[in-house]
Structures are given as C-alpha cells and as structure tokens.
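*Asks:* Right, I'll just put the structure down here and ask away after.
The values are calculated or read from the model by the stated rules, or taken from the named source; none is laboratory data. In this text, all values refer to a predicted model and were calculated from it rather than measured experimentally. With ideal geometry, Cβ positions are generated from the backbone for all residues, glycine too; neighbour counts draw on all protein chains shown. For the accessible areas, the whole protein counts, side chains as well, though only heavy atoms, and no ligand, DNA or RNA atoms are used. Shrake-Rupley method; radii C 1.70, N 1.55, O 1.52, S 1.80 Å.
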Amino acid sequence: MVTVAPPDTWTYALRLPHDPRAARVARMTVRAVLGGHGRQEVLEAVELLTSELVANAYLHTQGPASLRLTAVGDGRLRVGVWDSDPHIPAPFGEPPGDRLAPAPADREGGRGLYLVQEYADSWGGWPLGGGRGKLLWFAVGG
C-alpha cells in the first residue's frame, strides 16, 4: 500500500537527550528543516519558540525530550515538544490558554513562555497521563 501526502504536508521528529546542548540542536534542526522547505518567513519565530520549549524541558525535567515539526497544510506549521513532566504551564492551559504578563525587567528568566503567546498564532498542552509527561505545542503561519 502506498500513502500519498500532499506536497505541502510533512513531519520531522527528533528525540533529544537530557543535555544542555539540546536547545541548540533543536534550533539547528528547525533551521535546516524550514530552510529546506522554503519556510523562511516563519523561521525566526519557530526557532525562538522551539528553543524556549526545549530549554524548559531540559531545565525542569531529568529525562529526554522530543521535538516534532509538522506542516499541516494551508501554510500552517505546528511544533510539539514532549517532556517527562506532566505539569502544563501557562499559557498552555485550558483554551483559549492562560495569559501571562511580561516578566519584570530585573528578572533573569520567565520570558520564554510569554514569547509563545506573543509570536505563535495558537498553542496548547496535553498531559499524557500514566507518568508519560506532557506535550506542549504551538502553531504559526497560514
């Protein structure tokens, strides 16, 4: 049996170890995939937001993470990051999603998830249950 997908849909997946270099590897992967598919118009936003989600997976868990990039058609691109922590942080909560205020200027961190709500067109998160962690996702384009 042959499966035929429209040329504007594709999926790439990457398993990332618990390693401080994982966010850099994720950025390089995003750059290569989007460049290869001619999607430079969303490259900077996707690279930034992917890096933030993968860095958070490294900082807040002790296990690996997974990255999935999917062109879902009509110009939309969805990025999902799985990690082993079941907690769903704002702004990935219940639809339409919790809203975050900007972090105070004197604070070192706390801006990454705020950037998701500023640059992504939509986002969400699902706890996977049974100790399997969560999936956070965002979409851009279209």
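*Asks:* List every residue pair whose Cβ atoms sit under 6 Å apart, with the two residues 6 or more apart in sequence or on different chains, where the first one lies in region 67-81 and is open to solvent by 30 Å² or more (accessible area, probe 1.4 Å) and the second, anywhere, is among the small types (Gly, Ala, Ser) and part of a strand (DSSP E or B).
*Replies:* The qualifying pairs are ARG68/ALA13; ARG68/GLY80; ARG76/ALA139; ARG78/ALA139.
*Asks:* Another question about this same structure. If you take the residues in region 41-66 that are among the hydrophobic types (A, V, I, L, M, F, W, C) and free of Cβ contacts under 8 Å to residues at least 24 places away in the same chain, which one is nearest to ASP83 (Cα to Cα)? Full working, then the answer.
*Replies:* At the first step, the residues of region 41-66 found to be among the hydrophobic types (A, V, I, L, M, F, W, C) are 42-43, 45-46, 48-49, 53-55, 57, 59, 65.
Cutting the leftovers down to free of Cβ contacts under 8 Å to residues at least 24 places away in the same chain gives us 43, 59.
Details: LEU43: 23, LEU59: 11 Å.
Among them, the one singled out is LEU59.
*Asks:* Between a first residue in region 1-30 that is within 18 Å of GLY80 (Cα to Cα) and modelled with pLDDT of 95 or more and a second residue that is open to solvent by 80 Å² or more (accessible area, probe 1.4 Å) and not in a helix (DSSP H, G or I), which pairs have beta carbons less than 7 Å apart while being 6 or more apart in sequence or on different chains?
*Replies:* Short answer, once both residue conditions are applied: THR11/ARG68; ALA13/ARG68; HIS18/GLN62.
*Asks:* Taking the condition of being touching a residue at least 40 places away in the same chain (Cβ under 8 Å), part of a helix (DSSP H, G or I) and open to solvent by 40 Å² or more (accessible area, probe 1.4 Å), how many residues in region 116-142 meet it?
*Replies:* Qualifying residue count for the region: 1.
*Asks:* Something else now. Restricting to region 30-52, count the residues that are part of a helix (DSSP H, G or I) and within 13 Å of VAL140 (Cβ to Cβ).
*Replies:* At the first step, the residues of region 30-52 found to be part of a helix (DSSP H, G or I) are 30-36, 40-52.
Okay, now just the ones that are also within 13 Å of VAL140 (Cβ to Cβ), so 30, 34, 40-50.
Total meeting the criteria: 13.
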